Amino acid sequence: MKSKSLTSKSIALAGLLSVSLGISASALESGNQETTRPNFIILFADDMGYGDMSIFGHPTINTPHLDKMGVEGQKWTSFYVAAPVCTPSRAGILTGRLPVRSGMCSDKRRVLFPNSNGGLPQSENTIARVLKGNGYQTAAIGKWHLGHKSPYLPTDHGFDSYYGIPYSNDMDKVEQTDHFTLAENERFQAYNVPLMRDTEIIERPTDQRTLTQRYTSEAVEKIKTMKDKPFFIYLAYSLPHIPLFRSEEFKNTSLAGIYGDVIEEIDWSVGQIMKILQDEGLAENTLVVFTSDNGPWHTFKTHGGSAGILRGAKGGTFEGGMREPTLFWWPGTIKSGVVRDMATTMDLLPTFCRLSGTQIPDDRVYDGYDISPLIIGTGKSKREVVFYYRGQKVFAVRKGDYKAHFITQNEYNSKTAHPITKPVLEIENSPVVHDPPLLYNVNVDPGERFNIAAEHPELITEFKEILETHLAGITPVENQLEK
Ligand code: MG
(Lines give C-alpha, C1' and ligand atoms only; values in the text may rest on other atoms or scores of the structure.)
Protein backbone atom coordinates (compact mmCIF):
# COMPACT_ATOMS: atom_id res chain seq x y z
CA MET A 1 0.00 0.00 0.00
CA LYS A 2 1.47 3.35 -1.06
CA SER A 3 1.64 6.29 1.26
CA LYS A 4 -0.71 9.08 0.25
CA SER A 5 0.52 11.81 2.53
CA LEU A 6 3.54 11.54 4.72
CA THR A 7 4.09 14.86 6.42
CA SER A 8 7.53 16.07 7.40
CA LYS A 9 6.43 15.77 11.03
CA SER A 10 5.43 12.13 10.63
CA ILE A 11 8.68 11.37 8.86
CA ALA A 12 10.55 12.95 11.76
CA LEU A 13 8.54 10.94 14.29
CA ALA A 14 9.04 7.79 12.26
CA GLY A 15 12.76 8.43 12.33
CA LEU A 16 12.71 8.85 16.08
CA LEU A 17 10.63 5.72 16.48
CA SER A 18 12.86 3.71 14.21
CA VAL A 19 15.67 4.12 16.71
CA SER A 20 13.68 2.88 19.66
CA LEU A 21 11.41 0.35 17.96
CA GLY A 22 13.80 -1.11 15.46
CA ILE A 23 11.54 -0.06 12.59
CA SER A 24 13.34 0.87 9.40
CA ALA A 25 13.02 4.63 8.86
CA SER A 26 13.87 4.19 5.20
CA ALA A 27 11.01 1.69 4.85
CA LEU A 28 8.67 4.24 6.39
CA GLU A 29 9.88 7.01 4.12
CA SER A 30 9.65 4.84 1.03
CA GLY A 31 5.94 4.44 1.56
CA ASN A 32 5.67 1.08 3.31
CA GLN A 33 4.39 2.58 6.53
CA GLU A 34 0.97 1.05 6.01
CA THR A 35 2.41 -2.24 7.19
CA THR A 36 4.85 -0.92 9.76
CA ARG A 37 2.75 1.55 11.71
CA PRO A 38 1.35 -0.35 14.70
CA ASN A 39 -2.27 -1.34 15.13
CA PHE A 40 -3.94 -0.43 18.42
CA ILE A 41 -6.58 -2.36 20.36
CA ILE A 42 -8.14 -1.13 23.59
CA LEU A 43 -10.00 -3.79 25.60
CA PHE A 44 -12.09 -1.93 28.17
CA ALA A 45 -13.98 -3.89 30.83
CA ASP A 46 -16.90 -2.29 32.66
CA ASP A 47 -16.69 -2.16 36.46
CA MET A 48 -13.95 -4.76 36.78
CA GLY A 49 -12.02 -4.28 40.01
CA TYR A 50 -8.29 -4.03 40.66
CA GLY A 51 -8.34 -7.46 42.28
CA ASP A 52 -10.42 -9.33 39.74
CA MET A 53 -7.84 -11.28 37.76
CA SER A 54 -5.34 -13.94 38.76
CA ILE A 55 -2.30 -11.84 37.92
CA PHE A 56 -3.60 -9.09 40.23
CA GLY A 57 -4.03 -11.59 43.04
CA HIS A 58 -7.57 -12.97 42.88
CA PRO A 59 -7.50 -16.41 44.55
CA THR A 60 -10.38 -18.03 42.65
CA ILE A 61 -11.07 -16.17 39.38
CA ASN A 62 -9.01 -17.92 36.71
CA THR A 63 -7.69 -15.62 33.95
CA PRO A 64 -4.92 -17.46 32.04
CA HIS A 65 -5.09 -15.25 28.94
CA LEU A 66 -4.96 -11.97 30.83
CA ASP A 67 -2.15 -13.41 32.91
CA LYS A 68 -0.29 -14.29 29.70
CA MET A 69 -0.75 -10.71 28.49
CA GLY A 70 0.80 -9.48 31.71
CA VAL A 71 3.69 -11.96 31.75
CA GLU A 72 4.64 -11.51 28.09
CA GLY A 73 3.86 -7.80 28.21
CA GLN A 74 3.46 -5.38 31.10
CA LYS A 75 1.38 -5.32 34.26
CA TRP A 76 0.71 -1.73 35.38
CA THR A 77 0.01 -1.26 39.08
CA SER A 78 -0.71 2.50 39.20
CA PHE A 79 -2.88 2.99 36.15
CA TYR A 80 -5.87 5.30 36.60
CA VAL A 81 -9.05 6.28 34.85
CA ALA A 82 -10.36 9.80 34.38
CA ALA A 83 -13.42 9.30 36.60
CA PRO A 84 -14.91 6.63 38.88
CA VAL A 85 -18.07 6.07 36.76
CA CYS A 86 -18.78 5.07 33.17
CA THR A 87 -19.61 8.11 31.03
CA PRO A 88 -16.89 10.52 32.16
CA SER A 89 -14.33 7.72 32.28
CA ARG A 90 -15.07 6.88 28.63
CA ALA A 91 -14.90 10.53 27.60
CA GLY A 92 -11.46 10.65 29.21
CA ILE A 93 -9.98 7.58 27.53
CA LEU A 94 -11.16 8.55 24.05
CA THR A 95 -10.29 12.27 24.14
CA GLY A 96 -7.11 12.29 26.23
CA ARG A 97 -8.73 15.04 28.29
CA LEU A 98 -10.39 15.30 31.67
CA PRO A 99 -14.16 14.99 31.19
CA VAL A 100 -14.67 18.39 32.83
CA ARG A 101 -13.15 19.93 29.70
CA SER A 102 -15.79 18.37 27.40
CA GLY A 103 -18.82 18.82 29.66
CA MET A 104 -19.04 15.04 30.10
CA CYS A 105 -19.33 14.98 33.90
CA SER A 106 -21.90 16.36 36.27
CA ASP A 107 -22.60 16.75 39.99
CA LYS A 108 -26.32 16.17 39.28
CA ARG A 109 -26.36 13.19 36.89
CA ARG A 110 -23.32 11.00 37.12
CA VAL A 111 -23.72 9.32 33.71
CA LEU A 112 -25.87 9.55 30.57
CA PHE A 113 -29.25 7.81 30.64
CA PRO A 114 -31.66 6.67 27.89
CA ASN A 115 -33.58 9.94 28.38
CA SER A 116 -30.45 12.09 28.06
CA ASN A 117 -30.15 14.42 25.10
CA GLY A 118 -26.46 15.23 25.30
CA GLY A 119 -23.27 13.42 24.42
CA LEU A 120 -19.63 13.88 23.52
CA PRO A 121 -19.55 17.17 21.61
CA GLN A 122 -18.41 17.26 18.01
CA SER A 123 -15.76 19.77 19.06
CA GLU A 124 -13.92 16.90 20.80
CA ASN A 125 -11.39 14.74 18.97
CA THR A 126 -11.39 11.03 19.81
CA ILE A 127 -8.45 8.65 19.38
CA ALA A 128 -10.40 7.23 16.42
CA ARG A 129 -10.82 10.56 14.67
CA VAL A 130 -7.20 11.54 15.15
CA LEU A 131 -5.85 8.20 13.91
CA LYS A 132 -8.34 8.10 11.04
CA GLY A 133 -6.88 11.40 9.88
CA ASN A 134 -3.59 9.53 9.51
CA GLY A 135 -5.05 6.70 7.44
CA TYR A 136 -6.14 4.29 10.17
CA GLN A 137 -9.21 2.09 9.91
CA THR A 138 -11.32 2.29 13.06
CA ALA A 139 -13.98 0.16 14.74
CA ALA A 140 -15.94 0.56 17.98
CA ILE A 141 -17.45 -2.53 19.56
CA GLY A 142 -19.45 -2.78 22.78
CA LYS A 143 -20.62 -0.23 25.30
CA TRP A 144 -20.46 3.39 24.14
CA HIS A 145 -22.17 5.56 26.76
CA LEU A 146 -21.10 8.87 25.22
CA GLY A 147 -24.51 9.66 23.69
CA HIS A 148 -26.91 7.30 21.90
CA LYS A 149 -28.28 9.80 19.39
CA SER A 150 -26.59 11.47 16.45
CA PRO A 151 -24.27 13.38 16.41
CA TYR A 152 -22.91 11.58 19.45
CA LEU A 153 -22.65 8.00 18.19
CA PRO A 154 -19.32 6.26 17.47
CA THR A 155 -19.77 6.73 13.71
CA ASP A 156 -20.10 10.48 14.38
CA HIS A 157 -16.80 10.43 16.24
CA GLY A 158 -14.28 8.91 13.85
CA PHE A 159 -15.22 5.24 13.99
CA ASP A 160 -15.87 3.58 10.62
CA SER A 161 -18.25 1.09 12.25
CA TYR A 162 -20.06 0.36 15.49
CA TYR A 163 -21.60 -2.77 16.99
CA GLY A 164 -22.86 -2.74 20.55
CA ILE A 165 -25.17 -1.42 23.26
CA PRO A 166 -24.95 2.40 23.31
CA TYR A 167 -25.29 2.70 27.11
CA SER A 168 -25.26 0.52 30.25
CA ASN A 169 -26.73 -2.97 30.17
CA ASP A 170 -28.91 -2.31 33.26
CA MET A 171 -30.78 0.58 31.64
CA ASP A 172 -34.26 0.45 30.03
CA LYS A 173 -35.30 -1.88 32.88
CA VAL A 174 -38.90 -2.96 32.30
CA GLU A 175 -39.40 -5.43 35.17
CA GLN A 176 -39.34 -4.55 38.84
CA THR A 177 -37.58 -7.70 40.06
CA ASP A 178 -34.18 -7.09 41.64
CA HIS A 179 -31.00 -7.39 39.57
CA PHE A 180 -29.77 -10.47 41.45
CA THR A 181 -32.87 -12.54 40.72
CA LEU A 182 -33.05 -11.40 37.12
CA ALA A 183 -29.42 -12.34 36.53
CA GLU A 184 -29.71 -15.69 38.29
CA ASN A 185 -32.79 -16.47 36.14
CA GLU A 186 -31.06 -15.18 32.96
CA ARG A 187 -33.97 -12.81 32.44
CA PHE A 188 -32.32 -10.59 29.80
CA GLN A 189 -35.79 -9.49 28.59
CA ALA A 190 -36.06 -7.40 31.78
CA TYR A 191 -33.63 -4.91 30.22
CA ASN A 192 -34.93 -3.48 26.97
CA VAL A 193 -31.49 -2.34 25.83
CA PRO A 194 -30.87 -1.96 22.10
CA LEU A 195 -28.08 -3.64 20.18
CA MET A 196 -26.90 -1.35 17.38
CA ARG A 197 -25.05 -1.85 14.12
CA ASP A 198 -23.65 1.57 13.16
CA THR A 199 -26.67 3.87 13.62
CA GLU A 200 -29.45 1.24 13.45
CA ILE A 201 -31.02 -0.86 16.19
CA ILE A 202 -30.79 -4.51 15.10
CA GLU A 203 -32.00 -6.30 18.25
CA ARG A 204 -34.11 -5.30 21.24
CA PRO A 205 -34.00 -6.46 23.94
CA THR A 206 -30.43 -7.58 23.46
CA ASP A 207 -29.83 -11.20 24.41
CA GLN A 208 -27.06 -10.39 26.86
CA ARG A 209 -26.22 -14.04 27.45
CA THR A 210 -24.23 -14.16 24.21
CA LEU A 211 -23.00 -10.57 24.25
CA THR A 212 -19.36 -11.22 25.14
CA GLN A 213 -19.19 -13.97 22.50
CA ARG A 214 -20.72 -11.72 19.85
CA TYR A 215 -18.46 -8.77 20.66
CA THR A 216 -15.52 -11.18 20.36
CA SER A 217 -16.66 -12.50 16.96
CA GLU A 218 -17.07 -8.95 15.73
CA ALA A 219 -13.54 -8.06 16.87
CA VAL A 220 -12.05 -11.17 15.25
CA GLU A 221 -13.82 -10.41 11.97
CA LYS A 222 -12.68 -6.78 12.06
CA ILE A 223 -9.09 -7.87 12.59
CA LYS A 224 -9.33 -10.20 9.58
CA THR A 225 -10.90 -7.61 7.28
CA MET A 226 -8.71 -4.67 8.37
CA LYS A 227 -5.38 -6.52 8.55
CA ASP A 228 -3.81 -5.01 5.41
CA LYS A 229 -3.81 -1.42 6.69
CA PRO A 230 -3.24 -0.01 10.19
CA PHE A 231 -6.29 -0.21 12.43
CA PHE A 232 -7.62 0.88 15.81
CA ILE A 233 -10.24 -1.24 17.59
CA TYR A 234 -12.00 -0.02 20.73
CA LEU A 235 -13.71 -3.02 22.32
CA ALA A 236 -15.62 -1.96 25.42
CA TYR A 237 -17.19 -5.00 27.05
CA SER A 238 -20.67 -4.39 28.51
CA LEU A 239 -19.74 -6.66 31.44
CA PRO A 240 -19.06 -7.31 34.31
CA HIS A 241 -21.40 -4.32 34.89
CA ILE A 242 -24.57 -5.71 36.43
CA PRO A 243 -26.83 -7.47 35.43
CA LEU A 244 -24.44 -10.38 34.98
CA PHE A 245 -24.93 -12.66 31.98
CA ARG A 246 -22.69 -15.29 30.43
CA SER A 247 -23.01 -17.87 27.70
CA GLU A 248 -23.91 -21.52 28.18
CA GLU A 249 -20.24 -22.54 27.94
CA PHE A 250 -19.29 -20.44 30.97
CA LYS A 251 -22.24 -21.17 33.26
CA ASN A 252 -21.15 -22.37 36.69
CA THR A 253 -17.59 -22.91 35.57
CA SER A 254 -15.77 -20.53 37.93
CA LEU A 255 -14.99 -21.10 41.57
CA ALA A 256 -15.94 -17.44 42.06
CA GLY A 257 -19.62 -17.82 41.19
CA ILE A 258 -21.53 -15.93 38.51
CA TYR A 259 -19.16 -12.93 38.71
CA GLY A 260 -16.23 -15.29 38.17
CA ASP A 261 -18.01 -16.90 35.20
CA VAL A 262 -18.39 -13.47 33.59
CA ILE A 263 -14.74 -12.49 34.10
CA GLU A 264 -13.54 -15.85 32.84
CA GLU A 265 -15.59 -15.41 29.67
CA ILE A 266 -13.98 -12.00 29.14
CA ASP A 267 -10.62 -13.69 29.70
CA TRP A 268 -11.54 -16.23 27.00
CA SER A 269 -12.42 -13.31 24.71
CA VAL A 270 -9.01 -11.74 25.28
CA GLY A 271 -7.44 -15.10 24.43
CA GLN A 272 -9.37 -15.24 21.15
CA ILE A 273 -8.14 -11.78 20.19
CA MET A 274 -4.52 -12.63 21.03
CA LYS A 275 -4.87 -15.85 19.01
CA ILE A 276 -6.21 -14.19 15.85
CA LEU A 277 -3.47 -11.57 16.03
CA GLN A 278 -0.90 -14.36 16.18
CA ASP A 279 -2.59 -16.48 13.50
CA GLU A 280 -2.70 -13.51 11.12
CA GLY A 281 0.90 -12.53 11.84
CA LEU A 282 -0.18 -9.22 13.39
CA ALA A 283 0.80 -9.72 17.03
CA GLU A 284 4.23 -8.12 16.68
CA ASN A 285 2.71 -5.06 15.05
CA THR A 286 -0.20 -4.54 17.45
CA LEU A 287 -0.29 -2.86 20.84
CA VAL A 288 -3.12 -4.31 22.95
CA VAL A 289 -4.18 -2.53 26.16
CA PHE A 290 -6.55 -4.09 28.68
CA THR A 291 -8.08 -2.06 31.51
CA SER A 292 -11.41 -1.21 33.16
CA ASP A 293 -13.51 1.97 33.15
CA ASN A 294 -13.85 2.21 36.93
CA GLY A 295 -13.66 0.12 40.10
CA PRO A 296 -15.97 -2.67 41.24
CA TRP A 297 -19.61 -1.94 42.08
CA HIS A 298 -19.68 -2.92 45.74
CA THR A 299 -23.35 -2.05 46.05
CA PHE A 300 -24.08 -5.34 44.28
CA LYS A 301 -22.20 -7.50 46.77
CA THR A 302 -21.19 -10.84 45.18
CA HIS A 303 -22.35 -9.59 41.76
CA GLY A 304 -19.76 -6.82 42.00
CA GLY A 305 -16.01 -7.39 41.90
CA SER A 306 -13.13 -6.65 44.22
CA ALA A 307 -10.62 -3.84 44.42
CA GLY A 308 -8.22 -6.24 46.15
CA ILE A 309 -5.89 -4.47 48.55
CA LEU A 310 -7.26 -1.06 47.58
CA ARG A 311 -9.84 0.89 49.53
CA GLY A 312 -13.12 2.03 48.02
CA ALA A 313 -15.02 1.13 44.87
CA LYS A 314 -16.85 2.40 41.79
CA GLY A 315 -18.25 5.86 42.27
CA GLY A 316 -15.65 7.02 44.78
CA THR A 317 -12.22 8.62 44.76
CA PHE A 318 -10.35 6.24 47.04
CA GLU A 319 -7.94 4.11 45.01
CA GLY A 320 -10.39 1.24 44.46
CA GLY A 321 -12.67 3.53 42.46
CA MET A 322 -10.10 4.70 39.94
CA ARG A 323 -6.95 2.52 39.96
CA GLU A 324 -7.49 -0.25 37.43
CA PRO A 325 -5.98 -3.66 36.63
CA THR A 326 -4.07 -2.81 33.46
CA LEU A 327 -2.06 -4.85 30.98
CA PHE A 328 -0.11 -3.91 27.84
CA TRP A 329 0.87 -6.54 25.24
CA TRP A 330 3.03 -6.05 22.16
CA PRO A 331 5.27 -9.09 21.54
CA GLY A 332 8.74 -8.21 20.32
CA THR A 333 8.54 -4.52 21.16
CA ILE A 334 7.31 -4.14 24.72
CA LYS A 335 9.73 -4.30 27.63
CA SER A 336 8.17 -7.07 29.72
CA GLY A 337 7.69 -6.57 33.42
CA VAL A 338 5.76 -4.71 36.09
CA VAL A 339 5.37 -0.95 35.62
CA ARG A 340 4.75 0.91 38.86
CA ASP A 341 4.89 4.41 37.36
CA MET A 342 1.67 6.41 37.35
CA ALA A 343 -0.29 6.59 34.12
CA THR A 344 -3.88 7.13 33.08
CA THR A 345 -6.27 6.21 30.29
CA MET A 346 -5.88 9.79 29.05
CA ASP A 347 -2.26 8.99 28.20
CA LEU A 348 -3.31 6.57 25.46
CA LEU A 349 -4.23 9.23 22.88
CA PRO A 350 -0.85 11.01 22.91
CA THR A 351 0.94 7.66 23.16
CA PHE A 352 -0.84 6.17 20.15
CA CYS A 353 -0.15 9.36 18.23
CA ARG A 354 3.53 9.17 19.11
CA LEU A 355 3.81 5.51 18.14
CA SER A 356 2.00 5.99 14.82
CA GLY A 357 3.57 9.28 13.77
CA THR A 358 0.20 11.02 14.00
CA GLN A 359 0.16 14.74 14.69
CA ILE A 360 -1.97 15.68 17.71
CA PRO A 361 -4.24 18.67 17.07
CA ASP A 362 -2.58 21.44 19.07
CA ASP A 363 -5.66 23.63 19.52
CA ARG A 364 -6.63 22.35 22.97
CA VAL A 365 -5.41 21.28 26.39
CA TYR A 366 -4.63 17.59 26.90
CA ASP A 367 -4.42 15.84 30.24
CA GLY A 368 -2.51 12.85 28.87
CA TYR A 369 1.21 12.28 28.40
CA ASP A 370 3.14 10.13 25.98
CA ILE A 371 3.97 6.93 27.89
CA SER A 372 5.67 5.16 24.97
CA PRO A 373 9.10 5.38 26.69
CA LEU A 374 7.69 3.22 29.50
CA ILE A 375 6.20 0.75 27.03
CA ILE A 376 9.36 0.24 25.03
CA GLY A 377 11.69 0.66 27.98
CA THR A 378 13.59 3.77 26.93
CA GLY A 379 12.58 6.22 29.63
CA LYS A 380 9.92 7.70 31.84
CA SER A 381 6.62 9.49 31.44
CA LYS A 382 6.29 13.19 32.19
CA ARG A 383 3.27 12.47 34.39
CA GLU A 384 3.74 13.60 37.99
CA VAL A 385 0.17 14.19 39.14
CA VAL A 386 -3.21 12.43 38.96
CA PHE A 387 -6.46 14.27 39.69
CA TYR A 388 -9.40 12.32 41.12
CA TYR A 389 -12.61 13.91 39.96
CA ARG A 390 -16.06 13.06 41.23
CA GLY A 391 -18.51 14.83 38.94
CA GLN A 392 -17.18 18.31 38.28
CA LYS A 393 -15.11 18.56 41.46
CA VAL A 394 -11.59 17.46 42.28
CA PHE A 395 -11.88 15.30 45.39
CA ALA A 396 -8.25 14.17 45.61
CA VAL A 397 -4.81 14.64 44.08
CA ARG A 398 -1.88 12.24 43.89
CA LYS A 399 1.71 13.30 43.36
CA GLY A 400 4.40 10.65 43.62
CA ASP A 401 4.05 8.62 46.79
CA TYR A 402 1.40 10.85 48.29
CA LYS A 403 -2.31 11.45 47.84
CA ALA A 404 -4.36 14.22 49.42
CA HIS A 405 -8.14 13.93 49.83
CA PHE A 406 -9.71 17.40 49.85
CA ILE A 407 -13.25 15.97 49.82
CA THR A 408 -14.58 12.49 50.64
CA GLN A 409 -18.02 11.03 50.10
CA ASN A 410 -19.63 7.61 50.21
CA GLU A 411 -19.49 5.97 46.78
CA TYR A 412 -23.21 5.56 46.23
CA ASN A 413 -24.96 7.42 49.03
CA SER A 414 -25.47 4.22 50.91
CA LYS A 415 -25.13 3.72 54.62
CA THR A 416 -24.21 0.12 53.87
CA ALA A 417 -20.71 1.09 52.83
CA HIS A 418 -18.43 -1.79 51.93
CA PRO A 419 -16.84 -3.32 55.03
CA ILE A 420 -13.38 -2.48 53.71
CA THR A 421 -14.27 1.20 53.73
CA LYS A 422 -16.40 1.51 56.79
CA PRO A 423 -14.31 0.55 59.80
CA VAL A 424 -11.48 2.93 59.00
CA LEU A 425 -13.32 6.14 58.29
CA GLU A 426 -17.04 6.69 58.24
CA ILE A 427 -17.66 8.18 54.82
CA GLU A 428 -20.65 10.46 54.77
CA ASN A 429 -23.33 10.47 52.11
CA SER A 430 -22.86 14.20 51.66
CA PRO A 431 -19.47 15.56 50.59
CA VAL A 432 -17.16 16.28 53.53
CA VAL A 433 -14.49 18.92 52.96
CA HIS A 434 -11.18 18.28 54.73
CA ASP A 435 -8.88 21.14 55.71
CA PRO A 436 -6.18 20.10 56.02
CA PRO A 437 -6.82 17.34 53.47
CA LEU A 438 -6.39 13.71 54.47
CA LEU A 439 -2.94 12.57 53.39
CA TYR A 440 -1.81 9.02 52.58
CA ASN A 441 1.40 7.54 51.27
CA VAL A 442 -0.23 5.28 48.67
CA ASN A 443 2.95 3.34 47.96
CA VAL A 444 3.57 2.47 51.60
CA ASP A 445 -0.15 2.37 52.42
CA PRO A 446 -2.07 1.51 49.22
CA GLY A 447 -5.16 0.73 51.29
CA GLU A 448 -5.27 4.41 52.43
CA ARG A 449 -5.62 3.51 56.09
CA PHE A 450 -3.27 5.86 57.90
CA ASN A 451 -3.75 9.62 57.60
CA ILE A 452 -0.36 11.31 57.94
CA ALA A 453 -1.38 14.91 57.22
CA ALA A 454 -0.23 16.19 60.62
CA GLU A 455 3.31 14.96 59.95
CA HIS A 456 3.67 16.69 56.57
CA PRO A 457 2.56 20.34 56.62
CA GLU A 458 4.94 21.06 53.72
CA LEU A 459 3.14 18.52 51.54
CA ILE A 460 -0.24 19.96 52.45
CA THR A 461 0.94 23.37 51.24
CA GLU A 462 2.27 21.83 48.02
CA PHE A 463 -0.94 19.90 47.31
CA LYS A 464 -3.04 23.02 47.86
CA GLU A 465 -0.92 24.87 45.31
CA ILE A 466 -1.19 22.02 42.80
CA LEU A 467 -4.97 22.02 43.13
CA GLU A 468 -5.24 25.80 42.87
CA THR A 469 -3.11 25.90 39.72
CA HIS A 470 -5.10 23.07 38.15
CA LEU A 471 -8.48 24.65 38.86
CA ALA A 472 -7.30 27.95 37.37
CA GLY A 473 -6.74 26.11 34.09
CA ILE A 474 -10.26 24.69 33.81
CA THR A 475 -12.66 26.64 31.59
CA PRO A 476 -16.39 26.06 32.12
CA VAL A 477 -18.21 24.47 29.14
CA GLU A 478 -21.79 23.41 28.41
CA ASN A 479 -22.76 20.41 30.53
CA GLN A 480 -23.75 17.43 28.39
CA LEU A 481 -25.08 15.15 31.12
CA GLU A 482 -27.71 17.63 32.28
CA LYS A 483 -29.25 18.22 28.81
MG1 MG B 1 -18.30 1.28 34.53
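The values are calculated or read from the model by the stated rules, or taken from the named source; none is laboratory data. Note that the structure is a prediction, hence the values are computed from the model and not measured. Here Cβ is always computed from backbone atoms with ideal geometry, including for glycine, and neighbour counts include all displayed protein chains. To get the accessible areas, we keep the full protein, side chains included, count just its heavy atoms, and leave off ligands, DNA and RNA. Shrake-Rupley method; radii C 1.70, N 1.55, O 1.52, S 1.80 Å.
Overview of results
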| item | result |
| --- | --- |
| About the Cα centre, charge dipole magnitude for the chain (Lys/Arg +1, Asp/Glu -1 at Cβ), debye | 680 debye |
| Estimated distance in nm for a label pair at Lys224 and Ala454, the labels positioned 7 Å out from Cα along Cα-to-Cβ | 6.6 nm |
| All aspartates and glutamates inside 15 Å of Lys380 as judged from Cα atoms, apart from same-chain residues fewer than 8 positions distant | Asp341, Asp347, Asp370 |
| Apportionment of accessible area to carbon and sulfur, region 98-206, percent (1.4 Å) | 47 percent |
| Near-label residues of region 173-188 by backbone N, under 11 Å of a point 7 Å along Cα→Cβ of Arg209 | 185-188 |
| For region 310-415, diffusion coefficient by Stokes-Einstein and Kirkwood Rh (Cα), 20 °C, 1.002 mPa s, µm²/s | 137 µm²/s |
| Set of lysines near Lys483 by C-alpha distance (under 20 Å), chain-local residues within fewer than 8 positions excluded | Lys108, Lys149, Lys393 |
| Region 376-405: trypsin sites (Lys or Arg not before Pro) in DSSP coil with no more than 12 other Cβ atoms inside 10 Å | Lys380, Lys382 |
| Inter-part distance where region 151-176 and region 315-393 are each reduced to a Cα centre, Å | 25 Å |
| Linear extension gain, Ser247 paired with Ser336, 0.36 nm per residue minus alpha-carbon span | 28.7 nm |
| Over the chain: helical MRE at 222 nm, DSSP H runs n ≥ 4 each giving -39500 (n - 2.57), nearest 500 | -7500 deg cm²/dmol |
| Cα-based Rg / Dmax (Å) for region 146-224 | 13.7, 42 |
| Accessible surface of region 364-410 [probe 1.4 Å, protein heavy atoms]: carbon and sulfur percent | 47 percent |
| Distance histogram in 5 Å bins (all Cα pairs of region 168-275, percent per bin) | 2, 12, 21, 22, 18, 13, 7, 3, 1, 0 |
| The chain: Cα Rg divided by the 2.2 N^0.38 Å rule of thumb | 0.93 |
| Amide H within-cut-off set for Cys105, under 5 Å, with H built and near neighbours excluded | Gln480, Leu481 |
| Gain on full stretching of the segment that runs from Glu200 to Lys393 - 0.36 nm per residue minus C-alpha separation | 65.9 nm |
| Loop trypsin sites (Lys or Arg not before Pro), region 309-355, which have at most 15 other Cβ atoms in a 10 Å radius of their Cβ (DSSP) | Lys335, Arg340 |
| Accessible heavy-atom area order of Val477, Val81, highest first, probe of 1.4 Å | Val477, Val81 |
| Stretchable slack from Phe180 to His434, in nm (0.36 nm times residue separation minus alpha-carbon distance) | 87.8 nm |
| Intensity falloff of region 117-158 expressed as log10 I(q)/I(0), Debye formula with alpha-carbon point scatterers, at q = 0.28, 0.31, 0.34 Å⁻¹ | -1.02, -1.15, -1.25 |
| Region 249-368 - convex hull of the alpha-carbon atoms, volume per residue in Å³ | 154 Å³ |
| Accessible area of the chain divided out per residue, in Å², using a probe of 1.4 angstrom | 37 Å² |
